[in-house]
Amino acid sequence: MQTCKKRVSVLLLTLSLLFTACAAPKTYSRYQFIYIDCLDTVCVIDIYLHEDQDPDFIKDAIHEELLRYHRLFDAYHSYDGVTNIHTVNERAGAGPVTVPQELLSLLIFCLEEGARIDYRTNLAFGRVTRIWKDFFNDVSDGGMEGREFASGELSLPPQDILAAAGMHTDPARILIDTEASSVSLSDPDMLLDVGAVAKGYIAEKLSDFIRDLGVESACLNLGGNIKVVGERKDTDGRRYWTAAVKDPVTLEPLSVVLKLTDGMTVVTSGNYERYVQIDGTRYCHLIDPDTLYPVQGMASVTVVAKDSGLADYLSTALFTVDVERGQEILSLYPDAEALWITSDYEIYRTEGFDSCLVP
């Protein structure tokens, strides 16, 4: 009787393996979802779905998730039923605000990483960045963005106004209570701004969300913050994704092509995104925390890592320091690599950067 049972088990196993071997492989179709109403940028999702997945459902689900994060991290607008960065700023000096766990986690992340790198990326810098945001919005509305001006034709924000705003950027005045899931700003004139890390942080969370939807292959591009899920499913046989580093002058791809495998991310901070030039000096939207004026000396910094939020945070921080200091900062992050292009068009890279390139 025992022998009979064994034979039946072997037969069932053999049939199972036979049916598995004969099952048709999944076929995938490539889609591109574009969203223009999220994160104040263009979000592009290249995605492969198999025949059992509904592209409309996936597209709408991703859109709703992007909008949710957009509202949560917005420092300039309020939304019904949403406690966000704007809510915290409005309550500055008025006591603790209970916030969603995802928002609390982002704030803790920014504070912990900021402490490691002397707050070269400072979420408490909102009072200063708002002045520059208003300046560049006026420049953009006036059709002046990217243009060259002579001295006196265009006025930058005054030093005294910036200095006054800079008095309210001490991250020690941000008080976190993890048990109560609350945050309070003890400085009533402080404003938070998570713009230097939000897109990367969202890309990381969105990649997990997409995996939970059953998606096996996707490349997320949130305004230049790229995050990869799985391997490519194209019929050309190439299973990795690629991303090219831009020439900060021509904006054409350089001959530096990154090979991105599952989970990898690449983020670039550059002085060519929002800027004006006055007497040959470029003033971009990336602000030096020491001078309170746009960073000089750096054209772009590209960071490759596993965590997109960290890559976004680091790319901003590294942009505000020279290459030597940047390498010291990166020594704290052994899993991150970087490439610098200075305003003099000198190119530097970490020792491990070449390992991220297409052979």
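The values are calculated or read from the model by the stated rules, or taken from the named source; none is laboratory data. Being a predicted model, the structure only gives us computed values, none of them experimental. Because the Cβ atoms are built from the backbone with ideal geometry, glycine has one as well, and the counts that use them run over all protein chains shown. Remember, those area values only see protein heavy atoms, side chains included, never the ligands or the DNA or RNA. Shrake-Rupley method; radii C 1.70, N 1.55, O 1.52, S 1.80 Å.
Of note:
- Förster-model FRET efficiency, 51 Å R0, D212 and D288, C-beta, rounded to 0.05: 0.80
- Segments 131-143, 316-328 sorted - mean Cβ within 10 Å per residue, highest first: 316-328, 131-143
- Of the accessible area of the chain, computed with a 1.4 Å probe over protein heavy atoms only, carbon and sulfur atoms account for 51 percent.
- For the stretch 63-126, the solvent-accessible area works out to 43 Å² per residue, with a probe of 1.4 Å and every protein chain left in place.
- Taking T235, T41, T27 in turn, the Gaussian network model of the chain (Cα-Cα springs below 10 Å) assigns the largest fluctuation to T235.
- Average Cα contact separation per residue, the stretch 56-150, under 8 Å, 6 or more apart, as relative contact order %: 12
- If only the Cβ of Lys and Arg carry +1 and only the Cβ of Asp and Glu carry -1, the dipole of the chain around its Cα centre is close to 1580 debye.
- When you filter the GluC sites (Glu not before Pro) in the stretch 121-161 for DSSP loop state and at most 12 other Cβ atoms inside 10 Å of their Cβ, you are left with E153.
- Mean residue ellipticity (222 nm) of the chain, computed from DSSP H runs ≥ 4 via -39,500 (n - 2.57), nearest 500: -10500 deg cm²/dmol
- For the stretch 82-232, taking Cα atoms only, Rg and Dmax work out to 18.5, 57 Å respectively.
- Dipole-positive endmost among Q101, G81, I58 within the stretch 12-160 (Cβ charges, Cα centre): Q101
- Within the full protein context, the accessible area of D279 is estimated at about 100 Å² for a probe radius of 1.4 Å.
- For the chain, the number of Lys pairs with C-alpha atoms closer than 20 Å, counting only pairs eight or more positions apart or on separate chains, is 17.
- Coarse-grained scattering of the stretch 25-163 at q = 0.09, 0.22 Å⁻¹, given as base-10 log I(q)/I(0) from a Debye sum over alpha-carbon atoms: -0.46, -1.33
- Angle between the chain longest axis and helix 55-72 axis [Cα atoms, degrees, rounded to 10]: 30
- Placing a pseudo-label 7 Å from each Cα along the Cα-to-Cβ vector at Y348 and A244 gives an inter-label distance of 2.7 nm.
- Relative contact order %, the chain, counting alpha carbon pairs below 8 Å whose residues are six or more apart: 15
- Computed from Cα positions, the angle between helix 101-116 and the longest principal axis of the chain comes to roughly 60 degrees.
- Shape parameters for the chain, alpha-carbon atoms, Rg then Dmax in Å: 23.8, 99
- Taking label positions 7 Å along the Cα-Cβ direction at both Q296 and A61, the computed distance is 5.1 nm, reported to one decimal.
- The stretch between R116 and V82, if pulled fully straight at 0.36 nm per residue, gains 9.1 nm over its current Cα-Cα span.
- The stretch 276-351-the stretch 112-140 distance, computed between alpha-carbon centres (Å): 15
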